[in-house]
1. Identify which of M318, M140, M187 has the largest mean-square fluctuation in a Gaussian network model of the chain, with springs joining Cα atoms closer than 10 Å.
2. How about the stretch 193-301: which chymotrypsin sites (Phe, Trp or Tyr not before Pro) there are in a DSSP loop, with at most 15 other Cβ atoms within 10 Å of their Cβ?
3. Amide H of C181: which non-local residues (sequence gap of 5 or more, or other chain) have their own amide H closer than 5 Å, using H built in the peptide plane?
4. Using Cα springs under 10 Å in a Gaussian network model of the chain, which residue among T370, T393, T195 shows the largest mean-square fluctuation?
5. Would you kindly state how much longer the chain becomes between K407 and K120 on full extension, computed as 0.36 nm times their sequence separation minus their alpha carbon distance, in nm to one decimal?
6. Identify, among G39, L354, G252, the residue whose Cα sits farthest towards the positive end of the charge dipole of the chain, taking +1 on the Cβ of Lys and Arg and -1 on the Cβ of Asp and Glu, with the dipole about the Cα centre.
7. Mind telling me which of Q121, Q200, Q398 comes out most flexible in a GNM of the chain, alpha-carbon contacts under 10 Å?
8. Students often check this: by mean Cβ neighbours within 10 Å, which of 92-103, 357-368 ranks highest, and how do the rest follow?
Amino acid sequence: MSIVQLSPRVEELKRTLADFVEDECIPAEEECRKALGEGAQRWKAVPAVMEKLKVRARSLGLWNLFLTKEYKEGAGLTNYEYAVLCEIMGRSPSIAPEACNCSAPDTGNMEVFAKYGTEKQKEKWLKPLLAGEIRSAFAMTEPEVASSDATNICTRIERSGNGYKVNGRKWWISGAGHPKCAVFITMGKTDLSTTKHQQQSIVVVPADTPGVTVVRPLTVFGYDDAPHGHCEVVFDNVWVPAENLILGEGRGFEVIQGRLGPGRIHHCMRSLGMAERALELMVERVQTRSTFGRKIVEHGVVLDYIAKSRMDLESARMLVLRAADMIDKIGTKNALKEIAMAKVVVPNVVLTILDRAIQMFGAGGVGQDTPLAEFWAGMRTLRIADGPDEVHTRQIAQLEIRQLNAKKASRMNKGKL
Ligand SMILES: Cc1cc2nc3c(=O)[nH]c(=O)nc-3n(C[C@H](O)[C@H](O)[C@H](O)COP(=O)(O)OP(=O)(O)OC[C@H]3O[C@@H](n4cnc5c(N)ncnc54)[C@H](O)[C@@H]3O)c2cc1C
């Protein structure tokens, strides 16, 4: 349900996408899992079914929907419209977003190229990313420093001839394990002598540059998320030409702020889709088994779980849609509080819904026969990835205080206080 009337085009996209996800993506999940195989093989090839689904999504007009109307390369949607569609993709998080070329971290990286890239960078990286021919990674977090404060990032990007030399160790770099990962958007310090927020710059590092080593994939509660994964990556005397710098020296913060605004909301949207699927599975399950002389669904506490899950989900959706609508109407910079609120509330709410669904499946809920355990593991990371809860709540509180103080000052100026 949407609170803003959707255009006939978006309603049509919604129907087509819902059928694609239900009839083709969800049924492909098991095939994809099996095709990945075991051990090192899991990182070597993309399952054929995924490539087939990409062709199919493209033929249905479900391609690159994330790139909103401000970009000429995009599908011409608003953030609000994309929110509604992205939620549907979230019902099959391991398949549908990638099939529609709408998966992280590529979406954020494509936005960086579209927003800040030179014509040459666009030609070289944005074009094949938009075509789904290559994939990409965003390399910021480092094992040696608390990376939720990005001023700590200490990879060095130093001038060397007519280019830059990159030295540093990154980890949790999503997508770095993918056989088609061709490029790292990499953050590091170019100037240690200037102010904290002007020390960082961003360079594009082609994955096949000498000195780039994907050291190991990391696991999320035991899941490796192959073939894209989350990897530790070393940059050892990696040289890139000066034209690979994005936007300019010292402008790294500007780039990551532009990248993470709508990107954070995309994660929230997909999470709501996962919660919808979990709630459906829960409602179905509790009607099929009985304990103590009645169906599980007939126990009052279970009805309470169902009702609370629906109420939680609807409240969380309102926050996400409001944030998306504000990005459309007043821009990311003026919607920071709403984006941060959605980023904190949604993963927590969805985790609670997933937990209830797991509980209703009993032991079956923690195993591999339903998607619930894997959903829970992925969702738990969203309280940390793209900035932990505490960093966002800090920002919400600071904005709240600033806004209330400004309101008070304005009333005082008018002589009303
Ligand atoms: C699955 C997954 C995928 C990821 N993908 C990527 C990726 O593609 N690219 C990338 O660069 N990074 C990625 N990350 C990394 C992620 O963005 C960082 O883990 C996150 O920003 C936190 O940084 P940190 O791990 O260094 O934690 P730290 O900065 O060491 O913080 C540890 C904890 O301290 C607490 N804390 C921090 N600041 C405050 C505060 N102000 N007030 C109160 N408490 C605080 C928080 O609880 C936080 O969790 C990913 C992480 C995960 C789990």
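A short reminder: the numbers here are calculations on the coordinates, not readings from a lab. These numbers come from a predicted model, not from an experiment. When we count neighbours, we look across all protein chains shown, and the Cβ atoms used for this are built from the backbone with ideal geometry, even at glycine.
1. Greatest mean-square fluctuation among the candidates belongs to M318.
2. Numbers: sites: F221, Y223, F235, W239, F253, F292; in loops: F221, F292.
Answer by residue number: F221, F292.
3. Excluding prolines and chain starts, which carry no amide H, the hits are R135.
4. Taking springs between Cα atoms under 10 Å, the residue moving most is T195.
5. Values: separation 287, 0.36 × 287 = 103.32 nm, distance 4.63 nm.
Between K407 and K120, full extension yields 98.7 nm more.
6. About the Cα centre, the residue reaching furthest to the positive side is G252.
7. Q398
8. Values: 92-103: 24.7, 357-368: 16.5.
Going by the mean number of other Cβ atoms within 10 Å, highest first, we get 92-103, 357-368.
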